[in-house]
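Worksheet: one structure, shown below.
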Amino acid sequence: MWKNMVGYSLLAVVSVAAAGFAYLYFRSPATAPPSNIKVDASSARIARGKYTYMLSDCDGCHSPANRQLYDNPPVEGLQAAGQIFPDPTAPGRIVVSNITPDRETGIGNWTDGEKIRAIREGISRDGHMLFPIMPYPYFRHMSDDDVQSLVAYLNTLPPVRNSLPATKVDFPVSLLVKGVPRPVTAAVKHPDRSNKQLYGEYLATLGSCETCHTQEERGQIVVSKRFGGGRRFGIGDQVVVSANISPDKQSGIGEWSLDRFQQRFYKHSKHARKPRVDADPEKFSIMPWDNLSQLPPEDLEALYIYLMSRLPIENKVESHPVETGGKG
Ligand code: HEC
Ligand code: HEC
């Protein structure tokens, strides 16, 4: 997902004044024991898990990126090996974990239940909470089937030995995030695919579309402007601003046909993982185009139907501002 960004927008941050400082200080994040499930490792499961891994762009954070190529794919041999989150504005040293099956430096010794708990509930193996740049507030909606398939896929990744330091979150953010983890206590059923709008919402949730496509204030997305775009991201001197994907007719995608929406994704396939050149026709972006262009047409249709059902937000966005010399 974001290769660089201020990610703590997911914080369901409780106001310190309201909750009481001492309460927060002494409070421990909510946890529940992991299940003792052993996931089915059939090839159908693994294939579905690979799809979710791609939709949710686990590589975007967990794999060091090769920025010489389009779409910043993982550096060869380092897929899922983890890295220090490359955002100087992050509140502390946020370390994206090695999630390969390496037994010493990755999650090779974890049970499947522990992996599922980390992904959906934000609790690491030893019981400490994960910083919510890791999108577990969204992943908690991942169906039981999908999270099990995802773990079946993770278990097939080549182990990579890559030892990383621990995350250290600055005060007071470290306090404010304590309320974010929440156990998943009931079964999460897979949404009915024939209800396209609902299925589209599910895909948009796992793809964290709103995180990037909504403006944020003080580390939280502005809910009333959901999908209105306008969030800025920068890596070095390159800047990109997220597009308005709400159904506003002038500034959003309200006039787009389904075909135009789908082609906006599919036209990326021809550049995928090719060397980036200065005359880059698609310019610099952190939008996970390569991943999302692999979605089948019916899944893009579901996303389209869902986005079209949202509130139109009037907000004209220049995704590649000229201040960056046109390289965007
Ligand atoms: C936006 C960035 C981001 C994305 C996308 C992301 N993660 Fe993470 N993930 C993190 C960060 C950061 C941590 C470590 C947080 C900490 O140390 O407090 C983490 C931690 C984890 C852990 C816990 C590992 C440990 O040692 O405690 C697992 C498991 C995990 N992620 C799996 C996944 C999977 C699977 C996906 C895709 C479905 C994914 N993550 C997508 C940022 C991300
Ligand atoms: C990591 C951040 C990020 C995530 C996650 C993300 N986007 Fe984007 N998206 C962007 C940025 C930045 C742009 C503008 C630059 C560009 O077009 O590449 C963009 C552009 C787009 C566009 C083009 C709009 C236009 O006017 O041309 C569409 C459509 C889109 N995103 C849909 C989605 C959907 C659907 C999802 C979720 C499945 C999603 N995006 C997830 C960052 C993101």
For Lys178, the lysines lying under 22 Å Cα to Cα, once residues fewer than eight places off in the same chain are dropped, come out as Lys115, Lys168
In nanometres, the difference between 0.36 nm per residue of separation and the alpha-carbon distance of Leu164 and Glu104 is 20.5 nm
Pseudo-spin-label distance Arg273 to Gln68, built 7 Å along Cα→Cβ, given in nm, is 1.6
Taking the stretch 16-179, the equivalent ellipsoid from its C-alpha gyration tensor has semi-axes in Å, biggest first, of 27, 20, 14
In whole angstrom, largest first, the equivalent ellipsoid semi-axes that the Cα gyration tensor gives for the stretch 183-235 are 26, 14, 10
D (µm²/s, integer) via Stokes-Einstein for the chain, Kirkwood Rh across alpha-carbon pairs, 20 °C, 1.002 mPa s: value 104
Projected onto their principal axes, the Cα atoms of the stretch 157-316 stretch, largest extent first, over whole-Å spans of 46, 45, 38
If amide H atoms are modeled at 1.01 Å from N in the peptide plane, then the residues at a separation of 5 or more from Val75, or on another chain, having amide H under 5 Å from its own are Ala65, Asn66
Taking a straight Cα-to-Cα line shorter than 17 Å from Lys283, and setting aside same-chain aspartates and glutamates fewer than 8 residues away, one finds Asp71, Asp237, Glu318, Glu323
In the stretch 83-143, taking the dipole from +1 charges on Lys and Arg beta carbons and -1 charges on Asp and Glu beta carbons about the Cα centre, the listed residue (Tyr138, Ile123, Thr105) farthest towards the positive end is Tyr138
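Here, each number is a calculation from the coordinates, and none is a lab measurement. For clarity, every value in this text was computed on a predicted model and none was experimentally measured. With ideal geometry, Cβ positions are generated from the backbone for all residues, glycine too; neighbour counts draw on all protein chains shown.
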